[in-house]
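The values are calculated or read from the model by the stated rules, or taken from the named source; none is laboratory data. Everything numeric here is computed off the predicted structure, so don't read it as measured data. Positions of Cβ are generated from backbone atoms using ideal geometry, with glycine treated the same way; all protein chains shown enter the neighbour counts.
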Amino acid sequence: MKTIVFDLDGTLIDSLPDVCLSLNHALEQFDYPALTSAEVKGMVGGGARPLVEHALLKLHGDIHLVETISSLFKTHYSGHPVVETTIYPGVVETLENLSDAGHFLGICTNKPTATTLPVVKALDLARFFPVIICGDTKSYKKPDARHVIDVIHGLGGQIENALFVGDSEPDVTASHNADVPVVLVTYGYSKKPAMQLGADRVIGRFSDLLSIVDEF
């Protein structure tokens, strides 16, 4: 059986609308103007603090407020996890097939625990993932290979029989550093086209993962 590790945002779920909503709520407390979804899309992937840092730099804001605004963002987001967030087409059915086939499934995300767990629970995805390691679970996160390796070992899997599924450059870097093949989806939040990031496979539909797992 394969051990399959998944990124969350931009891979399993489209959380951008709610990330944008909570970020703008936090920025508004200091009279900063709202950012558009298109602007925020290029800032996600590193976790809450880098997101706020990028936002403040974009707005020429006070970088000393990053911790305060990050805290406000996480508090608001954890209280409003799925106002507009949706699961991408084919995700639930594919996860059900993989789980029924006996594969071990886990999540490796740079999203903080305070915002990851409420979202996963509200969308009824937690049932698929006995191991979820977030961006603040350890002292390191993607693109550090240990972030991926910890999920694999937490599931009782082996590196040589693992696969990573993500949407962006940190996913590719972390996976390759861990010696784990990586599949990228084309519909996520990557700043560059998925085809240009050096993934082992690229898919346009999540359900295509089923045939790729058999390949590997």
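Here is a list of conditions, (1) over 24 Å from Val165 (Cβ atoms); (2) at pLDDT 95 or above; (3) touching a Ser or Thr at 6+ places or on another chain (Cβ under 6 Å), and Val66 meets all of them except one; can you say which number that is?
(3)
Checking Arg201 against (1) without any contact (Cβ under 8 Å) to a residue 60 or more places away in the chain; (2) under 24 Å from Val92 (Cβ atoms); (3) touching a His at 6+ places or on another chain (Cβ under 8 Å), only one condition comes out false. Which one?
Unmet for Arg201, out of (1) without any contact (Cβ under 8 Å) to a residue 60 or more places away in the chain; (2) under 24 Å from Val92 (Cβ atoms); (3) touching a His at 6+ places or on another chain (Cβ under 8 Å): (3).
Does Leu16 meet the test of being surrounded by fewer than 21 Cβ atoms within 10 Å (Cβ to Cβ) and farther than 30 Å from Asp150 by Cα?
Here the answer is no, as Leu16 does not meet what is asked.
Only one of these is under 30 Å from Gly79 (Cα atoms), more than 14 Å from the chain's Cα centre (by Cα) and of a type outside the set (A, V, I, L, M, F, W, C): Pro170, Pro130, Pro112. Name it.
Checking each option against the conditions leaves just Pro130.
Report yes if Leu65 is within 14 Å of the chain's Cα centre (by Cα), more than 19 Å from Arg127 (Cα to Cα) and assigned to a helix (DSSP H, G or I), otherwise no.
Details: within 14 Å of the chain's Cα centre (by Cα): no; more than 19 Å from Arg127 (Cα to Cα): yes; assigned to a helix (DSSP H, G or I): yes.
No: the conditions fail for Leu65.
Looking at (1) among the β-branched types (Val, Ile, Thr); (2) surrounded by fewer than 17 Cβ atoms within 10 Å (Cβ to Cβ); (3) in contact (Cβ under 8 Å) with a residue 60 or more places away in the chain, which is the one condition that is false for Thr68?
Every condition holds for Thr68 apart from (3).
Return a yes/no flag: does region 123-141 have any residue that is over 26 Å from Ser37 (Cβ atoms), in contact with a Pro (Cβ under 7 Å, 6 or more places away or on another chain) and in contact (Cβ under 8 Å) with a residue 12 or more places away in the chain.
Looking through region 123-141, none of the residues is over 26 Å from Ser37 (Cβ atoms), in contact with a Pro (Cβ under 7 Å, 6 or more places away or on another chain) and in contact (Cβ under 8 Å) with a residue 12 or more places away in the chain.
Residues being part of a helix (DSSP H, G or I) and either among the basic types (Lys, Arg) or surrounded by fewer than 17 Cβ atoms within 10 Å (Cβ to Cβ) (or both): count how many of those fall in region 71-88.
4
With charged (D, E, K, R), free of Cβ contacts under 8 Å to residues at least 60 places away in the same chain, in the same structural domain as Ser175 (by TED's automatic domain parsing) and out of contact with any Gly (no Cβ under 7 Å at 6 or more places or on another chain) as the only criterion, which of Asp100, Asp31, Asp62 stands out?
Of Asp100, Asp31, Asp62, the one residue that is charged (D, E, K, R), free of Cβ contacts under 8 Å to residues at least 60 places away in the same chain, in the same structural domain as Ser175 (by TED's automatic domain parsing) and out of contact with any Gly (no Cβ under 7 Å at 6 or more places or on another chain) is Asp100.
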